Amino acid sequence: MRFVGWLIHCLVFLFVVAFAAWASLAIWFTVPADDWARFALIAGLCVLGLGGLVLAIFKGRRLALTPWALGMVAVFAWWSMLEPRNDREWEADVARLPTVDIQGETVTLRNVRDFVYRDETDYDQRWDERTFDLRRLDSLDLIAVYWMGDAIAHTLVSFGFGGEQIAISIEIRKEKGEAFSAIAGFFRQFELTYIVADESDLIGLRTTYRNPPEDVYLYRVNAPRARIRQLFIQYAKKINALKDRPSFYNSATTNCTTNIVTHIRAFTAQMPLNWKMLLSGYFPELVYERGALDQELPFAALRARSLINERARAADGSADFSRLIREGLPGMEQP
């Protein structure tokens, strides 16, 4: 019986510590107050939890954790009232939300980003409207961007309409002066956005104008045209939904890779969950293992040949950017 009692005490201890840690981070990243005020709230919550644990475990006062529990209820109540918004002061590169209008076989994309960069923060803004024939949607490419080792990557897709490419990147919608933080991304700190853009913008920014440059890999996905169309429709639905119903970004569950998986799973069960979806740097390897990337080479060789930084820098400013970065890549047919 003594063992059972200590086991219960250990479980209560772990429960209190885990939820106090979550609440502390939520308060720190989300409460709109000065640092000292947030620190005071966190300290008060921790004192209530620690004091309650000591009294409950060593003094047998089972109700000693009641003040801490009430504090946690207050934190959860406040947390549940946080709502994403579309009316904040946004950075210029995410200031406009795209929309997709599909009428029969004609698709019209509005607020397509096509910036001309001098460096990452100095650019000419260009937003345009593009129209495509859905019957020409014939290719899908996966793009993986690395900047901090092999385990983490930013993944995006590019749809090909008979050689005309349109890229879509799932990102945080940054407010003015805001910077990405993976930890803050767990705590409703950022809204979610889908950037619909020219490849020379989304790819060229990363290969040529960021300092240091990021490593960009481009893979052709082997998928039937009907599946590519289904995926595009799923993207279109989400893009339009965000216009009216904003959503929070989450570093684990609602990010650049998990949302791709969510869109695929909306029309097929052939994408079971896998740890390589969370460690997004390994997502292209997972797609390869499922037979959806070129199989003529081992994955390591395919990956080495799919790095496009040099050709993207050489094609910078060219109206033929999308064709030039694909020349000679495995599985790529010339339009």
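One residue stands out in region 55-111 among those that are in contact with an Asp or Glu (Cβ under 8 Å, 6 or more places away or on another chain) and hydrophobic (A, V, I, L, M, F, W, C): the one that is surrounded by the fewest Cβ atoms within 10 Å (Cβ to Cβ), namely Val94.
Taking the listed residues Arg303, Arg265, the one that is of a type outside the set (Ser, Thr, Tyr) and at pLDDT 90 or above is Arg303, with no other qualifying.
Using the structure shown, decide if Ser306 is more than 21 Å from Ile195 (Cα to Cα), small (Gly, Ala, Ser) and in the same structural domain as Thr99 (by TED's automatic domain parsing). It is true that Ser306 is more than 21 Å from Ile195 (Cα to Cα), small (Gly, Ala, Ser) and in the same structural domain as Thr99 (by TED's automatic domain parsing). Find the helices (runs of 4 or more DSSP H) located wholly in region 183-282 whose residues include 1 or more that are among the small types (Gly, Ala, Ser) and under 22 Å from Leu329 (Cβ atoms), and list them. Per the criteria, 199-204. Figure legend. Inter-residue proximity from region 247-271: first residues under 14 Å from Ile170 (Cα atoms) and in the same structural domain as Gln230 (by TED's automatic domain parsing), second residues surrounded by 15 or more Cβ atoms within 10 Å (Cβ to Cβ) and of a type in the set (Asp, Glu), beta-carbon distance below 8 Å, spacing 6+ or different chains. Indicated pairs: Ser247/Glu191; Phe248/Glu191; Tyr249/Glu171; Tyr249/Glu191; Cys256/Glu171.
For region 303-315, what are the residues that are farther than 25 Å from Glu289 by Cα, among the charged types (D, E, K, R) and surrounded by 16 or more Cβ atoms within 10 Å (Cβ to Cβ)? The one that is farther than 25 Å from Glu289 by Cα, among the charged types (D, E, K, R) and surrounded by 16 or more Cβ atoms within 10 Å (Cβ to Cβ): Arg311. Taking residues in region 129-157 that are under 30 Å from Gln103 (Cα atoms), and partners anywhere that are of a type in the set (Asp, Glu), the pairs with Cβ atoms closer than 6 Å and at least 6 places apart or on different chains are Asp133/Glu105; Leu134/Glu105; Arg135/Glu105.
The values are calculated or read from the model by the stated rules, or taken from the named source; none is laboratory data. Being a predicted model, the structure only gives us computed values, none of them experimental. Glycine also receives a Cβ, built like all others from the backbone with ideal geometry; neighbour counts cover every protein chain displayed.
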